[in-house]
1. Among all the aspartates and glutamates, which ones have a C-alpha under 17 Å from residue 8's C-alpha, if same-chain residues fewer than 8 places away are not counted?
2. Note down the nm distance, to one decimal, between modelled labels 7 Å out along Cα→Cβ at residue 202 and at residue 35.
3. Assuming R0 = 35 Å, can you tell me the calculated FRET efficiency for the pair residue 188 and residue 115, based on Cβ-Cβ distance, to the nearest 0.05?
4. Ignoring ligands, DNA and RNA, please state the percent of accessible area on the stretch 84-153 from carbon and sulfur, probe 1.4 Å.
5. Residue 187: net charge of surrounding residues, Cβ under 15 Å, Lys/Arg +1, Asp/Glu -1, itself excluded?
6. Restricting to DSSP loop positions (anything but H, G, I, E, B) with no more than 13 other Cβ atoms inside 10 Å of their own Cβ, which trypsin sites (Lys or Arg not before Pro) remain in the stretch 169-228?
7. Quick check for me: using +1 on Lys/Arg Cβ and -1 on Asp/Glu Cβ, what's the dipole size of the chain about its Cα centre, in debye to the nearest 20?
8. What does the charge add up to near residue 66, with Lys and Arg as +1, Asp and Glu as -1, over the other residues with Cβ less than 15 Å from its Cβ?
Amino acid sequence: LIAFFAPKSLLGQHVLVTAGPTFEAIDPVRGITNLSSGKMGFAIARAAREAGAEVTLVAGPVHLPTPRGVRRIDVDSARNMLAAVDGSAKEATIFIATAAVADWRPANAAEHKIKKDGSGEVPQMQFVENPDILAGVARSPRAQSGELYCVGFAAESENLEANAQAKRVRKGVPLLVANIGPSTFGKDDNALLLVDDEGVSQLPHASKRLLAQQLVAEIARRVTGMSA
Ligand code: CTP
Ligand code: CA
């Protein structure tokens, strides 16, 4: 009912969202991941859809229901997430990167399960850096020309405002959103700090559902110039 009466502030827009963690294989039965629940990204996908947008949600391994009317692409590794994003970014007008992408992956995933050999020796693992999905999209011609509006997320544990502003510039995005306070991974509520070229504003503590609706309204205002 609320969704029905809500103003359709993103009508005609195509929103691409990444959400959840990535999973980086060590061998066929093991891997490295993180505690991202995907809840914020899924809530944003839902809110964007309810605001009238066409929505594509690229999701790492999470057990969350797909929001109604949202096209979902399930991925595991950062490289697979990048491929899915590249495949959908051409039609998108807004890209919102909420995924907690693994910064590194094991350099050489083993083809077969790594076995103990009885000697007590432990495996040595080498890592390589994963591609930066958001920075790559933000550098693309469509993002540079303003056809594709990019929004980054940041999880910082210290110096929130300064780190968020620095990250926004480093990623080359017009808007960066930082989680305020202690780890929000898995929680149902949060508070957000919005950093853009005009400065800093806050969305105070609320459910991720409400914050997603408020954030979508903030993005719509910046993209379309219209307030919801
Ligand atoms: N991101 C991404 N691809 C990566 C790493 C991050 O798309 N390989 C995106 C995240 O989805 C998020 C933003 O970049 O929107 C910031 O992620 P974050 O981990 O905070 O920044 P990093 O650049 O990885 O820096 P660090 O983890 O060292 O703080
Ligand atoms: Ca990171």
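1. Qualifying aspartates and glutamates at Cα under 17 Å: 50, 54, 218.
2. 2.3
3. Efficiency computed from Cβ-Cβ geometry: 0.25.
4. The computed percentage sits at 51.
5. Net of charged neighbours comes to +1.
6. Details: sites: 170, 171, 187, 208, 209, 221, 222; in loops: 187.
Of the trypsin sites (Lys or Arg not before Pro), not one in the loops of the stretch 169-228 has a Cβ with at most 13 other Cβ atoms within 10 Å.
7. Taking the Cα centre of the chain as origin, the dipole is about 560 debye.
8. Within the 15 Å Cβ shell, the charges total +3.
The values are calculated or read from the model by the stated rules, or taken from the named source; none is laboratory data. Remember, it's a predicted structure, so these values are computed and weren't measured experimentally. Don't worry about glycine lacking a Cβ; one is built from the backbone with ideal geometry, like all the others, and counts go over all protein chains shown. Side chains are part of the model used for accessible areas, which takes the heavy atoms of the whole protein and leaves out ligands, DNA and RNA. Shrake-Rupley method; radii C 1.70, N 1.55, O 1.52, S 1.80 Å.
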